[in-house]
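The values are calculated or read from the model by the stated rules, or taken from the named source; none is laboratory data. Not measured: the values here are computed from a predicted model. Here the Cβ positions follow ideal geometry from the backbone for every residue, glycine too, while neighbour counts run over all protein chains shown. Each accessible area value is taken on the protein alone, full model and side chains, heavy atoms only, with ligands, DNA and RNA left out. Shrake-Rupley method; radii C 1.70, N 1.55, O 1.52, S 1.80 Å.
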Amino acid sequence: MKKILVTGGAGFVGRRFVKRCLDNGDQVHCVDPIARDTGGIHPDGGFPLYAPFDYSSFHFYEQDCRQWFREHDDDDFDYVFHLAAMVGGRAMIENSPLAVADDLSIDAEYWQWAKKVKPAKTVCFSSSAAYPIGRQREQGYQLLSEDMIAFDDDIGMPDMSYGWAKLTCEYLARLAYEKHGLKSVCYRPFSGYGEDQDDSYPFPSICKRAMAHVGEEKLTVWGTGDQMRDFIYIEDCVDGVFATMDKINDGDALNLSTGIYTSFKQFARIAAEECGYEPEVVGLSDKPAGVHARGGCTKKQVEYGFSHKVDFHAGVKKALELYASQTQ
Ligand SMILES: Cc1cn([C@H]2C[C@H](O)[C@@H](COP(=O)(O)OP(=O)(O)O[C@H]3O[C@H](C)C(=O)[C@H](O)[C@H]3O)O2)c(=O)[nH]c1=O
């Protein structure tokens, strides 16, 4: 049985990692303050897809991880999945950049704690938001590859305070390895999605909107609707991490992506089609749209032995079926 810490373990990504570790028979220590606007869910009432307290090896601390670090000095963690972050969807990234900047402090305190207790391995969630926005513009965008962020060269402007924080965390991971021998790997997920994601994210929000407007002539998305993302099913992300996390130790980064661009107009059409109608999809230009095209090159993931399995259309169908069953 491994001893595992999951910071931010009650959030959308964290809940999936907690379950995978519990199913593997590991002892899981989950720390989460269930902060507003982060999508964290208290485990007492059960998580949407499972009840963590059904497992006797689940331990929960309703606490900011920074406080938890001050109170705990266990030096026997086999893995830390460091997922804690102040983040919601695009609206939070654009409207509350200083609240999001708390992530700089969360990561700084994480690495200071790690230096003290020396967990055997840290699995760090960075983000594709760390990539330079200059490579994601309408003119000249390209699939983002890991080597586009090089800490010994010009670095480029990441996506707002969220991108800066994630980029800085990656830099700290490298320093932690070089100066203190701390082993880690950093992941850059693209648009991770799943049926239990918070409604501030486009995936549940657009699926539910398509369901609510069945038969209508128009369906809305934010921005122009021509902006594109690389949607990857959350279980594929978890598979990708477990397939690769023991192969990198020096804080190097790996994308979690499909390499496939889907525009929000295409996405809304897929959702509507699954609901049995064909509306005109229109953009709401006053809503935040973020970068134009964010997709991740898959070459390095494939070299490390991982490819995504779940097709986006199938992911949309699965979520719509669940939402429909919940409204009955
Ligand atoms: C909520 C909503 C969003 N959208 C569109 C508008 C934007 O073009 C896009 C925003 O998606 P998201 O909130 O996922 O923000 P991104 O800028 O893509 O950044 C995301 O991907 C990076 C990698 C992270 O790490 C962030 O956590 C995550 O927020 O969805 C709609 O069209 N309709 C809606 O109802």
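Observations on the structure shown:
Conditions tested, residue by residue: (1) under 20 Å from PRO189 (Cβ atoms); (2) hydrophobic (A, V, I, L, M, F, W, C).
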{"position": "ARG20", "(1), (2)": "yes, no"}
{"position": "ASP32", "(1), (2)": "yes, no"}
{"position": "ASP44", "(1), (2)": "no, no"}
{"position": "PHE47", "(1), (2)": "yes, yes"}
{"position": "PRO52", "(1), (2)": "no, no"}
{"position": "PHE58", "(1), (2)": "no, yes"}
{"position": "ARG66", "(1), (2)": "no, no"}
{"position": "HIS82", "(1), (2)": "yes, no"}
{"position": "ARG90", "(1), (2)": "yes, no"}
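- For TYR162, the requirement of being within 29 Å of ARG15 (Cα to Cα), in a strand (DSSP E or B) and within 18 Å of the chain's Cα centre (by Cα) is not met.
- Among the residues of the stretch 28-49, at least one is touching a Leu at 6+ places or on another chain (Cβ under 6 Å) and within 27 Å of GLY251 (Cα to Cα).
- All helices (runs of 4 or more DSSP H) inside the stretch 225-328 with 3 or more residues being within 19 Å of the chain's Cα centre (by Cα): 234-244, 312-327
- Checklist (1) surrounded by 19 or more Cβ atoms within 10 Å (Cβ to Cβ); (2) over 30 Å from ALA108 (Cα atoms) applied to CYS186, failing item: (2)
- Inspection of the stretch 129-148 identifies no residue that is farther than 26 Å from PHE12 by Cα, assigned by TED's automatic domain parsing to the domain that holds PHE47, touching a residue at least 24 places away in the same chain (Cβ under 8 Å) and open to solvent by less than 50 Å² (accessible area, probe 1.4 Å).
- Residue check for VAL316: away from the ligand (no atom under 13 Å from the Cβ) and open to solvent by 50 Å² or more (accessible area, probe 1.4 Å): no
- Checked against (1) over 30 Å from LEU320 (Cβ atoms); (2) part of a helix (DSSP H, G or I); (3) in contact (Cβ under 8 Å) with a residue 60 or more places away in the chain, ALA210 passes all but a single condition, namely (1).
- TYR201 vs. criteria closer than 24 Å to LEU254 by Cα and either at pLDDT 95 or above or in contact with a helix residue (DSSP H, G or I) (Cβ under 6 Å, 6 or more places away or on another chain) (or both): no
- In the set (1) without any contact (Cβ under 8 Å) to a residue 60 or more places away in the chain; (2) crowded, with 18+ Cβ neighbours inside 10 Å, the condition left unmet by ASP199 is number (2).
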